[in-house]
Structures are given as C-alpha cells and as structure tokens.
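Student: Can you read through this structure? Questions will come right after.
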Amino acid sequence: MPHVRGPLPAPDPVPDLGDVVGQSAGRRAVEVAAAGGHHLFLTGPPGAGKTMLAERLPGLLPVLDEQAALEVTAIHSVAGTLPPGAPLVSRPPFEAPHHSATMAALVGGGSGAIRPGALCRAHRGVLFLDEAPEFPRATLDTLRQPLERGTVTISRAAGSATFPCRAQLVLAANPCPCASAAGDAACTCSPLERRRYQSRLSGPLLDRIDLRVELPPVTRAAWLASDAAPESTAAVAARVAVARQAAADRLRGTGLSLTSQVPGRLLRERWPVPRTALALAERALDRGLLSVRGLDRVLRVSWTLADLDGRTVPCGDDVAEALGMRLQRVAA
C-alpha cells in the first residue's frame, strides 16, 4: 500500500446538485443518504433525474481522509483502474457498471489474477446500478452479503483474496418495461408485466435499501421556474458534514462512524427513540407493512434526519418521514 507524505491533493470538481431541476423529494433523499450512509432506490420515468441525482451523491460525501484515500487507491491500483497522474484517490469513487456486467465484473474475480469488481472499486463511495431490473437477479443478490459485511472474499483454486467494499448502493429503475417518459398516461404495459418487471429485484435485496423514492416527471412549471436557484452541492454538503459529525460524536467509542452501520439491537438499547414518536412505525409493524429489520432501518434514518435538523433525539416527524421513505411504492 502506498505511503503519502504531506497534504492530500485537491479533489477534482464534481457535478453540482444545483443542476437538478425540481425533484425536491429526490434531492432530500440524496442528502439523507449522504448524511447517514444509507442505500437508496430511485424510481421514475426517463428524464426524471435519477442518474443526475446519483451522480451528485459522491459530491455530498466528505473528501476521503488519508487512511480512506490509501485504501481506495490500493484497490484501484490492484484493479488497474488508477487514473494516470493521480497518485492518490481523494474523492469518494463513483462506479456505474452497465446492466450487462457479469457477476465477476460486479463483485470481483477473474480466471487468472483475482481482481476487485465494481463493488470493491466503489469502496468509500457510491455503486450506482442504473436500470437495476435489467441486471440478472442472481447477480444482484450476490451483493447482499458484501453490503452487510463491508468486505467480499473471492476464492479461486490458486487462492483467495478479501477486499473491502463499504460502498453506498444506489439503484435506479423505470416504473415498467416500456419506460414511457409521459408516465402512466402513455404506458402500454399490463399490470402483470409491471409486476414481473418489479419482481426482478428480490425482496431480500430491497429489504436492505433504507430509502425508496419515486420521482415524478419534471413539470413545465418546475423547468421554467427561476425565482429561486436550487441549492448547490456545497450548501447541502455543509449540512451533511454537520450531521455526520453529530453521528460520529454520538457513536464515539463504538468503532462506528455512520448511523447506517449501527446494529439494530445496539441502536434500540443504547439510543432508544421515545415511544410517543414511534406510534406510526409500530402500527406499520403490527399491520405487516414493516419487518423487524425494516423497523430498525426506519430508526436509523430517523436518527439521520434528527442529525440533519440539529435535534438530539428523533421526533415523531422524523420517524414519519423515515417511514414514508421506507414504504414508498416503486410503482402504481
């Protein structure tokens, strides 16, 4: 692993969140995802801004510290993807493999030397899977265990290798196979076709996604509105940095730094949310709309929302917003 002395090089410019027109729910979702390290699922018609939002998520993340930069640089060096003239990767990486990528390309492997895949190259950054239902279901399901553990072990006859892969997963999908930009009015898909399309993403994988947001088509009014410029990446990143510091202060001594990494049992026992704030989530659990794992994820997002708004404990509104993001329907 390379050793670097002195200050880290200045990061390259990143796409600006101010370029995204409208989509207040999508902008809120990427801010929450960045603040807590949560996985995100965006759905909506073509042109709604799914890819633009995903591409701007890395810019909301803090610049890598020296240890993280060394880890990411080492992975890209092994993979042979280290940019020329860049001795150290200081910006959170962004990997966006095509849906035709093989399991080895996504996770890692190779017939000869073992090389890290896109998931590992996205370590400390973002793995974006556009048109997620077009990926083979078995390939997507191989992500489940590495995403939970933060490492992936690849074994071959000649040996094995373990790579870190603590990345944020962002999935994007159209509502249906025809992907009509005009929405339901022009959709030619039957309800059965829609269900089959959505079922390509397995329940266990989706259960690991904290935030699920449906993006509507951008309206003419939103496109032409000029009374207020959208917030820039710098403005949102400043709030994200404050929220991350609040989480780090709360988690000091646990070996964790992000709310999304806290085990459910530890979260409930050490940082309980007031029962009055949990009423809505408990009703969802009783009605079968949430699993126990899902409730834990709602609690994690609630803490992130509280950190973003400067509260020391989540309130009922935080839990309600987190629950809404968790139970967001991905299609009509």
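Student: Taking the condition of being in contact with a Lys or Arg (Cβ under 7 Å, 6 or more places away or on another chain), surrounded by 15 or more Cβ atoms within 10 Å (Cβ to Cβ) and outside any helix (DSSP H, G or I), how many residues in region 131-166 meet it?
Tutor: 1
Student: Working carefully through the options Q261, Q198, find the one that is in contact with a strand residue (DSSP E or B) (Cβ under 9 Å, 6 or more places away or on another chain) and either at pLDDT 90 or above or over 16 Å from S24 (Cα atoms) (or both).
Tutor: Q198
Student: OK, next. A68: within 23 Å of A161 (Cβ to Cβ) and in a helix (DSSP H, G or I), yes or no?
Tutor: It is true that A68 is within 23 Å of A161 (Cβ to Cβ) and in a helix (DSSP H, G or I).
Student: From the list S90, S100, which one is among the polar types (S, T, N, Q) and surrounded by fewer than 17 Cβ atoms within 10 Å (Cβ to Cβ)?
Tutor: None of the others qualify; the one that does is S100.
Student: Taking the options T304, T276, T312, name whichever one is within 18 Å of A29 (Cα to Cα) and of a type in the set (V, I, T).
Tutor: Residue meeting the stated conditions: T304.
Student: For the subset of region 271-287 comprising residues that are part of a loop (DSSP other than H, G, I, E, B) and open to solvent by less than 60 Å² (accessible area, probe 1.4 Å), which member is farthest from I209 (Cα to Cα)?
Tutor: The qualifying residue farthest from I209 (Cα to Cα) is P274.
Student: Look through region 290-332, keep the residues that are at pLDDT 90 or above, open to solvent by 20 Å² or more (accessible area, probe 1.4 Å) and outside any helix (DSSP H, G or I), and return whichever of them is farthest from A246 (Cα to Cα).
Tutor: C315
Student: Can I ask one more? For region 235-242, indicate whether the set of residues that are part of a helix (DSSP H, G or I), surrounded by fewer than 18 Cβ atoms within 10 Å (Cβ to Cβ) and either β-branched (V, I, T) or modelled with pLDDT under 85 (or both) is non-empty.
Tutor: yes
The values are calculated or read from the model by the stated rules, or taken from the named source; none is laboratory data. Computed from a prediction, not measured in an experiment: that's the story for all the values here. Using ideal geometry, Cβ is built from the backbone for each residue, glycine included, and neighbour counts are taken over all protein chains shown. When the accessible area is computed, the model is the full protein with side chains, heavy atoms only, and any ligands, DNA or RNA have been set aside. Shrake-Rupley method; radii C 1.70, N 1.55, O 1.52, S 1.80 Å.
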